[in-house]
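**Q** Questions regarding the structure given below will be posed in turn.
Derivation of every value follows stated rules applied to the coordinates shown; laboratory data play no part. Bear in mind the structure is a predicted one, so any value in this text is a computation, not a measurement. Note that we place each Cβ from the backbone using ideal geometry, even for glycine, and neighbour counts take in every protein chain shown.
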Amino acid sequence: MPGESIFPTLEPLLEQVSKPIQYVGGELNSTVKDWTVGGDHTVRWALMYPDAYEVGVPNQGSMILYEVLNERPDALAERTYSVWPDMEALMRAHAVPQFTVDGHRALGDFDLFGLSFSTELGYTNMLTALDLGGIPLHAIDRDDTHPVVIAGGHAAFNPETIADFIDAAIVGDGEEAVLMVTDVVAAWKRDGMPGGRVELLLRLARTGSVYVPRFYDVSYLPDGRIQRIAPNPAYPGVPWRVAKHTVMDLDAWPYPKQPLVPLAESVHERMSVEIFRGCTRGCRFCQAGMITRPVRERSITGIGEMVQRGLAATGFEEVGLLSLSSADHTEIGEVTKGLADRYESSKVGLSLPSTRVDAFNIDLANELTRNGRRSGLTFAPEGGSERIRKVINKMVTEDDLINTVAAAYGAGWRQVKLYFMCGLPTETDEDVLQIAELAKKVIETGRKVSGRNDIRCTVSIGGFVPKAHTPFQWAPQLGAQETDERLAKLRDAIRSDRRLGSSIGFRYHDGKPGIVEGLLSRGDRRVGRVIEAVWRDGGRFDGWSEHFSYERWMECAARELAPFGIDVDWYTTRGREESEVLPWDHIDSGLDKEWLWQDWLDAIDEVEVDDCRWTPCFDCGVCPQLGTEIQVGPTGKTLLPITVVGGSPLRERTPSHA
Amino acid sequence: MQKLRVKYARRGRLRFSSTRDFGRALERALRRAEVPMAFSAGFHPHPKISYANGAPTGTASEAEYFEISVTERVDADAVRAALDAALPDGLDVLEVVEAAPGALADRLEASAWEVVFRQTALADLEAAVDAYLDAAEAPVSRMFKTGMKTFDTRSAVVTMSAAAAADPSCAILRMVVRHTTPSVRPDDILTALRAVTALAPPVPPLVTRLAQGPLHDATAGVADPLAADKAAAGS
Ligand code: SF4
């Protein structure tokens, strides 16, 4: 019977796998609804974060959709995660299907299978889930009995590489979008499911904001570039460009209200409140910043209520104030001070996961660690030289950085972590070697202001991967070998300084995973064959270095792309011209392609652009399309202390002798 | 400062939670239940909790224990209800008592276990039990932090018997096992049982700790380790 729990067949396997707790569900605040909770037309979603449970369970986006959907009386949503290879092998041996951790229902029983991709490295895991779920890998092979597979998340902004495997993609904010899709599915069910799967997909596509790859045709030029991507005329009403979803008023969406509290250990052992969405700093490498415009703030009182309610619902000991650049909230000072005051006695810690470099942040950081140890602070100048920082539009001067670092060491911080990228457009060895100079200055300054020799600085380097819908979408990516060589020179430059080198830590990744990410980020439909070949060859969990195999990706790519006369370099290290049709051009992120191109030219000319919240609008295209002004505070409100009357409610009552 | 002793059960699918998993869930539940916990001093204050002799991950238990310290006097029954409500279903708080003098750990001398063998004939289990009890020694080897160790399981077993289950395809093993060092775990005994006969259940057996406490040699039963605390509280 559909919707029945498969737990009895799963249970014996749990004794034989590592960390079985991740497969049993039962988390605090999780929900299991009756299979027919909304009657015959109940709309049933399986939601997946295609990574291990420990990474997926704290994911905010998935948690929000789970709750928003379960609040609907006519719908239910359950969660599923990637199973580790030991479990996969047992499931195959015992014919146990991919299951949800809530009701332990088979994935194939649901109407909709929604996947949230924060990175492209989850694609092979999607194929595992489909296959274990008994769902054909290719969308065109599915029939009315199979779930409609929908991709979302940042990686869905270029859905072309997975176009063969998904029925649909949705870009932008998910909370209103999933409700809209639920409405469409519910109406189609009530109508008696006319026209089956294709009719349902058509109805979704005709909303203008659901991309259904099968309704679009792609043609190629003889040199391998795309000639055209256009709706197939056999399906009238399918839009040329698919719009992204944008939630305008975050205060109207205070989710998650009941964050999940897993029993198993997860990567974020805290509760998170998203304090704003979007970022207008305009760092040119940053896909997240570009595709989530405009900035929408949650009010200080809205934040206060979410923290209060969330802590009561979870008992977490730490609250993360989440956003792309948390210190940019217009009332961040009042928010952190207000929360620190409120929760001082209950020992609830606060953290700001992403912050920018400026002196103001030191005050913030000091506020956050009022009673604690000042161990480490992270800054992200991203580029080593002044020149390259102009290219990427990270408007931080060396003086800014040194002043900030001086303030940090002066306030008692012992360790500063600096985050940089390697392989940025126009970058030379010289730009990267500047990182060493900067780090040495940081140590010298730190020793001077703190008067101690035991302060440290860690330099952490990530490889730059050009992403869709950014000004760098046309840029050539630096090859893996060149990246490694540049980083080796930098390492030598740091190590060779005998006086300061020992105080500087150096962490970096080799250039190989970045090339695979680059292939998947800017690939087109032809790359789908590579993903499938890698998966068939055993590729799983590509985000985990112990499972990732560069060689496997390169071998499969060479084999699968050869018939088209192209290769991995063609997708990664090749620069693109303005006239080239990009695989994601028909996905409308709100940004004008002309504006992005102009910004790319400005980058090459080392021209910076200010944050458009504080200076005149640069007409990137987002705001007029959304018919909105950028929403920014300040509200001028503050957080009042929450008074606890009479201590613990469990206090022993003193017997009254009347 | 008041010290409380708590007995809880770990049931159903939450038997797959480890003692560490339970620890995290408990700290959060204590906050949600607004139990006035006492914290350790230092930069990273931790609530003062001490765990006693947790059952291995994968086994269910009706008798797990821990102690907590609170900063103001609380009503033990109110704490029991609030903490039970704040923990996920399957981690169920059974009793809370104020601690009387004497260490709890010293009272946990032995455990009573029940093991359900699925798809196993009672006669096969009985034969295995007889063979095991007849053996003078029943050694097993297990990996420890310090390396592979071989140790006897037989001397730790106080009683052992087989019984029929309501479901005729299952058979039940009951045993009382003394807490020793290295500790003899139920799975060690199952390994030893398998070694003395050809007992080979097709699915892993379900193990539940029914009780742990002082060992009464006369009856070979396990007594309530909180009896002394309850007596003191009642006086
Ligand atoms: S500050 Fe720059 S890097 Fe950070 S989110 Fe905004 S645009 Fe991206």
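**Q** Starting at 0 and stepping by 5 Å, how many percent of the alpha carbon pairs of the stretch A:66-198 end up in each bin?
**A** 2, 9, 19, 22, 23, 16, 6, 2, 0
**Q** Ignore the peptide's own chain and count Cβ atoms of other chains within 10 Å of each Cβ in B:13-22; give me the average, rounded. Don't skip to the end; give the middle numbers.
**A** Values: counts 11, 5, 5, 13, 6, 6, 0, 4, 6, 1.
The shielding value for this peptide is 6.
**Q** What shape does the stretch B:2-106 have by the C-alpha gyration tensor, where a ≥ b ≥ c are the square roots of the eigenvalues, rounded means a/c under 1.5, and otherwise prolate means a/b greater than b/c and oblate the rest?
**A** Rounded.
**Q** So, one more: Would you order B:Phe144, A:Phe316 from fewest to most other beta-carbon atoms within 10 Å of each residue's own beta-carbon?
**A** Sorted ascending by nearby Cβ count, the order is B:Phe144, A:Phe316.
**Q** Which residue, chosen from B:Thr208, B:Val79, B:Ala228, occupies the Cα position most advanced towards the positive end of the dipole of chain B, where the dipole is computed from +1 (Lys, Arg) and -1 (Asp, Glu) charges on Cβ about the Cα centre?
**A** Farthest along the dipole direction, towards plus: B:Val79.
**Q** Moving on to the next point. By how many nm would the segment from A:Ser18 to A:Asp86 grow when fully extended, if each residue of separation counts as 0.36 nm and the alpha-carbon distance is taken off?
**A** 23.7 nm
**Q** What order, most packed first, do the peptides A:470-479, A:138-147 have when packing is the mean number of other Cβ atoms within 10 Å of each residue?
**A** A:470-479, A:138-147
**Q** Could you work out the local net charge near A:Gly621, counting Lys and Arg as +1, Asp and Glu as -1, over the other residues with Cβ closer than 10 Å to its Cβ?
**A** On the way: positive: A:Arg293, A:Lys593; negative: A:Asp588, A:Asp592, A:Glu594, A:Asp619.
Residues close to A:Gly621 contribute a combined charge of -2.
**Q** For q values of 0.19, 0.22, 0.25 Å⁻¹, compute log₁₀ I(q)/I(0) with the Debye formula on a Cα-only model of the stretch B:110-213, without solvent.
**A** -0.93, -1.21, -1.47
**Q** Separate question: Can you tell me which of B:192-204, A:210-222, A:98-110 comes out highest on packing, and rank the rest after it, using the mean Cβ neighbours within 10 Å?
**A** Ranked by mean Cβ neighbours within 10 Å, highest first: A:98-110, A:210-222, B:192-204.
**Q** Assigning unit charges at the beta carbon (Lys, Arg +1; Asp, Glu -1) and nothing else, what dipole magnitude in debye, to the nearest 20, does chain B show about its Cα centre?
**A** Here the size comes out at about 780 debye.
**Q** For n ≥ 4 DSSP H runs only, could you compute -39500 (n - 2.57) per run for chain A, divide by its residues and tell me the 222 nm figure to the nearest 500?
**A** Rounded to the nearest 500, the figure is -10000 deg cm²/dmol.
**Q** Based on alpha-carbon centroids, what's the gap between the stretch B:102-178 and the stretch A:3-82 in Å, whole number please?
**A** If we compute the Cα centre of each part, the gap is 36 Å.
**Q** For the peptides A:239-252, B:60-73, what is the packing order when you average, over each peptide's residues, the other Cβ atoms within 10 Å and list the highest mean first?
**A** Put in order of decreasing packing, that is B:60-73, A:239-252.
**Q** To continue, here is another question. Once fully extended, how much extra length lies between B:Arg142 and B:Asp130, figured as 0.36 nm per residue of separation less the alpha-carbon to alpha-carbon distance?
**A** Full-extension gain reported as 1.9 nm.
**Q** Return the subset of B:Lys3/B:Lys48; A:Lys244/A:Lys593; A:Lys417/A:Lys448; A:Lys244/A:Lys467; A:Lys448/A:Lys489; A:Lys417/A:Lys441 for which the Cα-Cα distance in this structure is over 20 Å, preserving the input order.
**A** Long pairs (Cα-Cα over 20 Å): A:Lys448/A:Lys489.
**Q** Quick one: what are the phi-derived ³J(HN,Hα) couplings along the stretch B:157-163, Karplus 6.51/-1.76/1.60 with θ = phi - 60°, whole Hz, x for glycine and proline?
**A** Once rounded to whole Hz, the list reads 7, 8, 9, 7, 8, 10, 9.
**Q** Mind putting together the pair-distance distribution for the stretch A:1-75? All Cα pairs, 10 Å bins, whole percent per bin, short to long.
**A** In order of increasing distance, the bins hold 15, 42, 36, 7 percent.
**Q** What is the spin-label model distance, in nm, from A:Arg228 to A:Val247 if the labels are put 7 Å beyond Cα along the C-beta direction?
**A** 3.9 nm
**Q** Can you find, among A:His245, A:Phe618, B:Tyr8, the residue farthest towards the positive end of the dipole of the protein assembly as shown? Put +1 on the C-beta of Lys and Arg, -1 on that of Asp and Glu.
**A** B:Tyr8
**Q** Other chains near A:313-321: what is the mean number of their Cβ atoms within 10 Å of each residue's Cβ?
**A** Going residue by residue through A:313-321 and averaging, the value is 3.
**Q** Further, regarding this structure: Over the protein assembly as shown, what portion of Cα pair distances is larger than 38 Å, expressed as a whole percent?
**A** Here the long-distance tail beyond 38 Å is 52 percent of all Cα pairs in the protein assembly as shown.
**Q** For chain A, which cysteines have no disulfide-compatible partner, meaning no other cysteine Cβ under 4.7 Å?
**A** Taking the Cβ cut-off of 4.7 Å, the unpaired cysteines of chain A are A:Cys279, A:Cys422, A:Cys457, A:Cys556, A:Cys612, A:Cys617, A:Cys620, A:Cys623.
**Q** Among A:Thr292, A:Ala327, A:Leu339, whose Cα lies farthest out toward the positive end of the dipole of the stretch A:273-346, if unit charges sit on the beta carbon of Lys, Arg (+1) and Asp, Glu (-1)?
**A** About the Cα centre, the residue reaching furthest to the positive side is A:Thr292.
**Q** Per-residue Cβ counts within 10 Å, from other chains only, averaged over A:16-28: what number is that?
**A** Values: counts 2, 1, 0, 4, 7, 10, 1, 2, 7, 3, 9, 2, 9.
Across A:16-28, the average partner-chain Cβ count within 10 Å equals 4.
**Q** Let me ask something additional. Across all directions of projection, what mean area in square nanometres is found for the Cα convex hull of chain B?
**A** Orientation-averaged projected area of the Cα hull: 14.9 nm².
**Q** Moving to a separate point now. Multiply the residue separation of A:Ala312 and A:Arg507 by 0.36 nm, subtract the distance between their alpha-carbon atoms, and state the gained length in nm to one decimal.
**A** Details: separation 195, 0.36 × 195 = 70.20 nm, distance 3.87 nm.
Taking 0.36 nm per residue and subtracting the Cα distance, the gain is 66.3 nm.
**Q** Efficiency by 1/(1 + (r/R0)^6): what FRET value for A:Ser579 and A:Asp400, r their Cβ-Cβ distance, R0 = 41 Å, to the nearest 0.05?
**A** Values: r = 39 Å, r/R0 = 0.94.
With a Förster radius of 41 Å, E is 0.60.
**Q** How high is the FRET efficiency from A:Ile604 to A:Lys489, r the C-beta distance, R0 25 Å, rounded to 0.05?
**A** The formula returns an efficiency of 0.55 here.
**Q** Using alpha-carbon positions, what is the distance between the centroids of the stretch A:427-489 and the stretch B:16-64, in Å?
**A** Between the Cα centre of the stretch A:427-489 and that of the stretch B:16-64, the gap is 42 Å.
**Q** If you don't mind, there's one more thing I want to ask. Distance from the Cα centre of the stretch A:117-192 to that of the stretch A:215-289, in angstrom?
**A** With the stretch A:117-192 and the stretch A:215-289 each reduced to a Cα centre, they are spaced 13 Å.
**Q** Please list log₁₀ I(q)/I(0) at q = 0.11, 0.16 Å⁻¹ for the stretch A:7-239, using the Debye equation with identical point scatterers on the alpha-carbon positions.
**A** -0.55, -1.14
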